[in-house]
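The structure appears below as structure tokens.
No value in this document is a laboratory result; all are computed from the given coordinates. Remember, it's a predicted structure, so these values are computed and weren't measured experimentally. No Cβ is skipped: glycine too gets one built from the backbone with ideal geometry, and neighbour counts run over all protein chains shown.
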Amino acid sequence: MDYTIRSGTATDRGERDTNEDRVLVAERLWAVADGIGGLPGGEVASHLALDSLGAAFDADPTMSGLAEACREANRSVWDRACGSRDAAMGTTLTAVALTADAGPVVAHVGDSRLYRLGPDLELVTADHTVVAEMVRAGRLSEEEAAYHPHRNVLTRAVGVAPEMEAEIFPLACSPGDRLLLCTDGVSGVLGPEALRSALGASADPRRVAAEVVALAVRNGATDNATALVLHLSP
Ligand code: MG
């Protein structure tokens, strides 16, 4: 199945002085990254990760090529961190790629998210956080997790260790679906109902992305808030 994908992006720095979120829109690859670490580390990490992801996926646009592109992104950030005085840097990375061999594939590291709006809204990715893993293990409720002091502690990130494996899996989707890739500045303040109605609000993905971010800001987003919206057509 070949898709035509139309995209729209929006971002707001919230109450932060800088915006360390980053978006990649390429011909067959769409991604968000949320930089972590002290300044300027976070900003450098998210830029570097998506630049190197894009270049590596271009060279091998397959499912295994996507996994290798994530390793390449990790190496780029790790090498930069090792060579700089501001050694603490890393980034989340959530991407959708139209691969040559396996159709749409997800690559995911960290706590940025992919949602799919088909007949229902589905959270496609699982956060790589200590708290989300406790919820999956049945040791913490969703409600407790939402206010847990360690809810932002990542168990997997790009650039914080010499080797890293992204979660890579084929994306089940259909023509007519809408996808949202977003950073935790959006998903931390907007629940499924708000996201569902914002994603259905317009036929123009650019307006949808702007609406999602505006809604996050109105709902008190203090963190950088970024949305990348994809509309799939046959
Ligand atoms: Mg964030």
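Expressed per residue, the C-alpha convex hull volume of the chain stands at 114 Å³. Spacing of the modelled spin labels on THR222 and ARG139, each 7 Å from Cα toward Cβ, amounts to 2.7 nm.
Would you mind calculating the gained length between ALA102 and GLU122 on full extension (0.36 nm times residue separation, minus the Cα-Cα distance), in nm to one decimal?
On the way: separation 20, 0.36 × 20 = 7.20 nm, distance 2.11 nm.
This chain segment gains 5.1 nm when fully extended.
Under 5 Å between amide hydrogens, built in the peptide plane, is the criterion, and for THR99 it picks out VAL105 among residues at least 5 positions away or on other chains.
Size of the range 1-101: Rg and Dmax of its alpha carbons, in Å, are 14.2, 47.
Let's test the formula: R0 of 30 Å, r as the Cβ-Cβ distance of VAL153 and ASP204. What FRET efficiency results, to the nearest 0.05? Mind showing how you got there, number by number?
Values: r = 37 Å, r/R0 = 1.23.
The calculated FRET efficiency here is 0.20.
With Cα atoms defining each centre, the range 93-140 and the range 180-234 are spaced 16 Å apart in the structure.
Residues whose amide H falls under 5 Å from that of SER112, counting only those 5 or more places apart or on a different chain, are LEU93, with hydrogens built in the peptide plane. Shown for MET134, MET63, MET89: other C-beta atoms within 10 Å of each C-beta, ranked fewest to most, produce the order MET134, MET63, MET89.
With an 8 Å Cα cut-off and a minimum separation of 6 or more residues, compute the relative contact order for the chain in percent.
Over the chain, the number comes to 29 percent.
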